[in-house]
Amino acid sequence: MLLGIPLAVAGAVFMSLGAQYQSRGVKKVEHLAGETGETGLGTIHLLRLLTRPSWIAGTLLLGIAVACQLSALAVAPLIVVQPLGAISLVITTLLNAHITGHTPTRSSLTAIGLCVGGILVFVVVAALFATERPITDYELLVVLAILLVVIILLGGAWVLLRRRIGALFYITAAGVLYGFVATLAKVTIKRIQAGEFDWTVVLCLVALVAAAAAGAYFVQTAYASGPPDLVIAGLTVIDPIVAVLIGAIVLGEAANAPAWALVVFVVVGAVAALGVFLLARHHPQVVSESQEIALKRGSGGAAGRSAATTDDIVTRPTTSPLDDLRAARDPDDLLSRRQSPPDAESGASPPR
């Protein structure tokens, strides 16, 4: 178990670096395409990502992170390995603040503290009582059935509400799916180690790839909707919570945990989830970008009004203040209805 902890920490470091590079690649592709990916990345976005060096570098770093995490899962329980990913939140926050210049505020630091603190307490308690046992085919099929239902629900919500959902939905969806990915990876590794490679392992691998692909899409869309440390915050909190719930409820990894430990799991899990929600609201980059959008909209309206005023000035005939005063005292419609002078009607010549 002890070897799994440094492997998980190394995976967290590579995850933070990969997230930063991938986020940069997504932002660059959005700029080049001239189209935002906040409602879901389109085909043109996905194809251009494959040509961005920053995104490719981020993907390679994330690949190393996955390799470290899988190695950690091979030697340590799931509910110990997964929560250690919270370390990547701290690293990503520092990197993003250095690159973008958005210094973390007190509110965002409080939110990050809730995330990291909640998950670390989770790790300590999990490490004390985590146990492993062989997973039956029935338990594996239960996990796969739950995953199928989750994919259907998330896919339906995305199709119906994609115009109204924001970064928090994509982060949550990715975290839930990656929790299943970690669980299925753990099952696959253990069965291969035991020399059991049958149809259940193949089915597990297919489900793992499908969940990983859907989760990766949601992550890339989340990068288009929010800063990378917000994405990592959601993943490092929601992912382990889902994995631990599966491990504890379905796989029985917390079967020897006392009642107070289960209460601690629920409380600190809720605290960490609250931290993600608060970070989504108070992240300095999110607040700054929302203010910039408001300013752009206001400037656009002012520009439009200014343009309209300019057009009016150009097309309006030039008049003097005296003419304006006369027009106010004797409007055009009254002038047109005035009768001509009596001298004009009688044909008499005007006096000299």
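The values are calculated or read from the model by the stated rules, or taken from the named source; none is laboratory data. Note that this is a predicted model, so its numbers are computed, not measured. Positions of Cβ are backbone-derived with ideal geometry, glycine not excepted, and every protein chain shown enters the neighbour counts.
Residues in region 117-140 that are touching a residue at least 40 places away in the same chain (Cβ under 8 Å) and in a helix (DSSP H, G or I): how many? Please lay out each step first, then the result.
Of region 117-140, the ones touching a residue at least 40 places away in the same chain (Cβ under 8 Å) are 117-119, 121-123, 125-135, 137, 139-140.
Now drop any that are not in a helix (DSSP H, G or I), which leaves 117-119, 121-123, 125-129, 137, 139-140.
Total meeting the criteria: 14.
Residues in region 59-99 that are of a type in the set (S, T, N, Q) and closer than 27 Å to residue 251 by Cα: how many?
Selection size over region 59-99: 4.
Exposed (fewer than 15 other Cβ atoms within 10 Å of the Cβ), part of a helix (DSSP H, G or I) and either at pLDDT 80 or above or on the phi < 0 side of the Ramachandran plot (or both), is that true of residue 11? Steps first, answer last, please.
Numbers: exposed (fewer than 15 other Cβ atoms within 10 Å of the Cβ): no; part of a helix (DSSP H, G or I): yes; either at pLDDT 80 or above or on the phi < 0 side of the Ramachandran plot (or both): yes.
Taking the combined requirement at face value, the residue does not satisfy it.
Do we find a residue being in contact with a Lys or Arg (Cβ under 9 Å, 6 or more places away or on another chain) and more than 25 Å from residue 273 (Cα to Cα) anywhere in region 169-191?
No.
Going through region 186-196 one residue at a time, which ones are in contact with a helix residue (DSSP H, G or I) (Cβ under 6 Å, 6 or more places away or on another chain) and either more than 13 Å from residue 250 (Cβ to Cβ) or exposed (fewer than 13 other Cβ atoms within 10 Å of the Cβ) (or both)?
Answer for region 186-196, where residues must be in contact with a helix residue (DSSP H, G or I) (Cβ under 6 Å, 6 or more places away or on another chain) and either more than 13 Å from residue 250 (Cβ to Cβ) or exposed (fewer than 13 other Cβ atoms within 10 Å of the Cβ) (or both): 188, 189, 191.
For region 197-209, enumerate the residues that are assigned to a loop (DSSP other than H, G, I, E, B) and either surrounded by 13 or more Cβ atoms within 10 Å (Cβ to Cβ) or modelled with pLDDT of 85 or more (or both).
none
If I filter region 93-114 down to residues being without any contact (Cβ under 8 Å) to a residue 40 or more places away in the chain and either within 19 Å of residue 237 (Cα to Cα) or basic (Lys, Arg) (or both), which single residue comes out as surrounded by the fewest Cβ atoms within 10 Å (Cβ to Cβ)?
If we take residues in region 93-114 being without any contact (Cβ under 8 Å) to a residue 40 or more places away in the chain and either within 19 Å of residue 237 (Cα to Cα) or basic (Lys, Arg) (or both), then 106 is surrounded by the fewest Cβ atoms within 10 Å (Cβ to Cβ).
On the given criteria, is residue 181 aliphatic (A, V, I, L, M) and over 22 Å from residue 237 (Cα atoms)?
Working: aliphatic (A, V, I, L, M): yes; over 22 Å from residue 237 (Cα atoms): no.
So residue 181 does not fit the description; no.
Could you give me the residue pairs with C-beta distances under 9 Å whose first residue belongs to region 208-230 and is over 16 Å from residue 19 (Cβ atoms) and touching a residue at least 40 places away in the same chain (Cβ under 8 Å), whose second residue is buried (at least 24 other Cβ atoms within 10 Å of the Cβ) and of a type in the set (Ser, Thr, Tyr) wherever it lies, and which are 6+ apart or on separate chains?
That search, which allows pairs on different chains as well, returns 211/178.
Can you name the residue in region 58-95 that is at pLDDT 85 or above and among the aliphatic types (A, V, I, L, M) and is also farthest from the chain's Cα centre (by Cα) among such residues?
Among residues in region 58-95 that are at pLDDT 85 or above and among the aliphatic types (A, V, I, L, M), the one farthest from the chain's Cα centre (by Cα) is 67.
Go through (1) touching a Ser or Thr at 6+ places or on another chain (Cβ under 9 Å); (2) loosely packed, with under 15 Cβ neighbours inside 10 Å; (3) in a helix (DSSP H, G or I) and name the single condition residue 171 misses.
(2)
Taking the options 192, 238, name whichever one is without any contact (Cβ under 8 Å) to a residue 12 or more places away in the chain, under 27 Å from residue 142 (Cα atoms), part of a helix (DSSP H, G or I) and of a type in the set (A, V, I, L, M). Working first, answer last.
On the way: 238 fails: without any contact (Cβ under 8 Å) to a residue 12 or more places away in the chain.
Answer to the check: 192.
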